[in-house]
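Engineer: Have a look at this one before I ask anything.
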Amino acid sequence: RRVADWANSTLSALAESLPDPEARLSIRQVSCTDPECATPEGVEVLVTLTAKEWSCTAKLLKAATRVERGEVEQVVADLCRGAQPRALAARARRLVEEDAHTGSAGPVSMGAESFAVRVLTRIGDEFAGREEDRVAA
């Protein structure tokens, strides 16, 4: 429970940096299958940050009873930093799928670079709109 408390406290402090305000953490202790896992207990702690379209996981190669607060804070901070590119990739995948369903030009017909620019511009416009909504609230 203490690991979850530390993780959630850190997430709350970093919440504004997340691309999805609904992102949640889960912390689980599981049997360790990693060859580098040298815990006498044979377990590791998985910390997973999950949103609607993406997730990322980090491992602490030790039992939850041996995990220290600073380790948890670092793992959660790393997961939050990794969330932005995962969210952008998920959004890009969705836009490509939408384009495929609507028959819009895709990466083959319009050139990969032009297509990437179009997708990233749409993503940027969407995030800018979310930021404006957040500032107006």
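Engineer: Of the conditions (1) open to solvent by 20 Å² or more (accessible area, probe 1.4 Å); (2) assigned to a helix (DSSP H, G or I), D20 satisfies every one except a single condition; which number is it?
Structural biologist: In the conditions (1) open to solvent by 20 Å² or more (accessible area, probe 1.4 Å); (2) assigned to a helix (DSSP H, G or I), D20 misses (2) alone.
Engineer: Hey, could you check the range 62-82 for residues that are of a type in the set (G, A, S), touching a residue at least 12 places away in the same chain (Cβ under 8 Å) and assigned to a helix (DSSP H, G or I) and say which is farthest from A4 (Cα to Cα)?
Structural biologist: Only one residue tops the list, namely G82.
Engineer: Right, next: Confirm whether A90 is open to solvent by less than 20 Å² (accessible area, probe 1.4 Å) and part of a helix (DSSP H, G or I).
Structural biologist: Yes.
Engineer: Read through the list (1) open to solvent by 20 Å² or more (accessible area, probe 1.4 Å); (2) free of Cβ contacts under 8 Å to residues at least 40 places away in the same chain, then give the number of the only condition that E44 fails.
Structural biologist: Failed condition: (1).
Engineer: A follow-up question, please. Criterion first (among the hydroxyl-bearing types (S, T, Y) and open to solvent by 50 Å² or more (accessible area, probe 1.4 Å)) does T57 satisfy it?
Structural biologist: yes
The values are calculated or read from the model by the stated rules, or taken from the named source; none is laboratory data. Bear in mind the structure is a predicted one, so any value in this text is a computation, not a measurement. Cβ sites come from the backbone with ideal geometry, for glycine too, and all protein chains shown count toward neighbours. Surface accessibility is based on the protein's heavy atoms, side chains included, excluding ligands, DNA and RNA. Shrake-Rupley method; radii C 1.70, N 1.55, O 1.52, S 1.80 Å.
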